[in-house]
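Notes to accompany the following structure.
What follows draws every value from the coordinates through simple rules; no lab data is involved. Nothing here was measured: the structure is a model prediction, and the numbers come from that model. Virtual Cβ from ideal backbone geometry, glycine too; neighbours counted across all protein chains shown.
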Amino acid sequence: MQPGLLRVLVINPGSTSTKFAVYANERVEFVANLRHSDAEMEQFRGRPILDQQPFRASLIERELSRAGYALNNLHATAGRGGLLRPLASGTYRVNQTMLQELRVAERGEHASNLGAVLALQIAQQAGVEAYVVDPVSVDEWSDRARLSGSALMDRNCLSHALNIKAVSKRYAREVGRPYEQLRLIVAHAGTGVSMAAHEQGRMIDGINPREEGAFSGDRAGGIPVMKLVELCFSGNYTRKEVEAILFRDGGLYSYLGTKDLVEVERRIAAGDTRAALVFDAMVYQIGKDIGALATVLKGRVDAVLLTGGMAHSDRLKEELRPAVEWIAPLVVYAGEDELQALAEGVLRVLRGEEQACEFGAAPQCGQARLEPAGAVSGK
């Protein structure tokens, strides 16, 4: 191996895919995107998300072997961080405290919860450390953004923080301005649609796609509250079934029986008016959320950034552009920079440019607000 060459395996599990790559310093050497069919995933329906670990790990190891990679040539691994406690922005070493929190899944089940366990399984075989970078629970919200309208419950900050932060910094580099001086609205339109308003290098408010905002591939987003109350107390559904209605069987899947946006657009092209209505309603809701976040920045927005898998859709971009460009220019970064961002976060630690964060330790690293959930309402 060349002197100074650091090789890192990065893993980004999604609800129906497992993306991973091997980076040699900042250069990607190998990348794969394993698609998991509905038939393959059906075996895990109703089971804890971590039950998918052996299935996904075996696929990753198989592809690495086919590509000629020996695990003992890795210097570190990294996985996308999951639904952990509120955290400062940074690169976290995977430890037993983190694993236990993911097993309990107090903040919910999500494919990103697999990132740490997959990274650790392969890291242990390679004899290296495993990390997560900017988990979805990175929390930089202002105090006033937390109030929901009831002292019994605060709004929760959960987002696609890794990609949202990465594209924000990428845009800053491209326009030649410090990220900390920009006022941005970033919409990550993937399986869920999460958003953040950025000011002074912090995500001061946003849309948590588990609980609010636009519906998406399989998420219901914000729904009528009283109708939800009626459904919960109807006696027809268990708690797990209600959660599935909101988070796994909602959105496009609820209306059309598929969460595949390409399939939805194929139906529209074939004349399916129901598919067209559902698609248009989703884009309509995304635009409304962007408009709401513009008020957080008092209308002074440098750019609206659209990223995530759904940003590949020309139809979505064409419908969204006139809805938001009166606020600021719409700049599109289709797909995600999450694999690159994972690699860069780990490389900073390996090179000694940044100290790794210890999950569960105090004080924690970074600049994010670290008050515990419920601090605003005095719980």
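What to note about this one:
- Separation of the R177 and Q355 label points, Cα + 7 Å toward Cβ, nm: 3.3
- Between the listed residues L102, W141, S168, the Cα displaced farthest toward the positive end of the dipole of the stretch 67-179, a dipole computed from Cβ unit charges relative to the Cα centre, is found at S168.
- Extending 7 Å from Cα along the Cβ direction at S234 and again at R315 yields two label points whose distance is 2.9 nm.
- Dipole magnitude of the chain about its Cα centre (Cβ charges: Lys, Arg +1; Asp, Glu -1), debye to nearest 20: 220
- Segment A67-L277, extension gain: residue separation times 0.36 nm, minus the distance between their alpha carbons: 71.2 nm
- Exposure proxy shown here: for R351, R219, the number of other Cβ atoms within 10 Å sets the order, fewest to most, as R351, R219.
- Split the chain at each of the chymotrypsin sites (Phe, Trp or Tyr not before Pro) in a DSSP loop with at most 16 other beta carbon atoms within 10 Å, and the longest piece is 45-232.
- Rounded to 5, the percent of DSSP beta bridges in the chain classed as antiparallel: 60
- Candidates G68, G308, G190, ranked by Gaussian network fluctuation over the chain, Cα under 10 Å, top entry: G68
- Radius ratio Rg over Rh of the stretch 173-219, counting only Cα atoms, Kirkwood formula for Rh: 1.08
- Treating each Cα of the stretch 25-115 as an identical point scatterer and summing with the Debye formula, the log10 of I(q)/I(0) at q = 0.12, 0.22 Å⁻¹ comes to -0.48, -1.28.
- With contributions of -39500 (n - 2.57) from each DSSP H run of at least four residues, the per-residue ellipticity at 222 nm computed over the chain stands at -11000 deg cm²/dmol.
- Relative contact order %, the chain, counting alpha carbon pairs below 8 Å whose residues are six or more apart: 19
- The stretch 175-334, relative contact order in percent, only Cα pairs under 8 angstrom and at least six apart counted: 25
- Cβ charges +1 (Lys, Arg) and -1 (Asp, Glu), total dipole of the stretch 175-334, debye: 180
- Given K259/K288; K165/K288; K240/K298, the pairs whose alpha carbons are separated by over 30 Å: K240/K298
- The stretch between R300 and S37, if pulled fully straight at 0.36 nm per residue, gains 90.3 nm over its current Cα-Cα span.
- Residue among D337, D38, D154 with the largest mean-square fluctuation in a Gaussian network model of the chain, springs linking Cα atoms under 10 Å: D38
- Calculated on the alpha-carbon coordinates, the convex hull of the stretch 157-311 measures out at 119 cubic angstrom per residue.
- Local net charge near M41, Cβ-Cβ under 15 Å (Lys/Arg +1, Asp/Glu -1): -2
- GluC sites (Glu not before Pro) lying in DSSP loop within the stretch 70-126, provided at most 11 other Cβ fall within 10 Å: E106
- The calculated Kirkwood hydrodynamic radius for the chain is 21.3 Å, given to one decimal from all distinct C-alpha pairs.
- Residue among M153, M226, M98 with the largest mean-square fluctuation in a Gaussian network model of the chain, springs linking Cα atoms under 10 Å: M226
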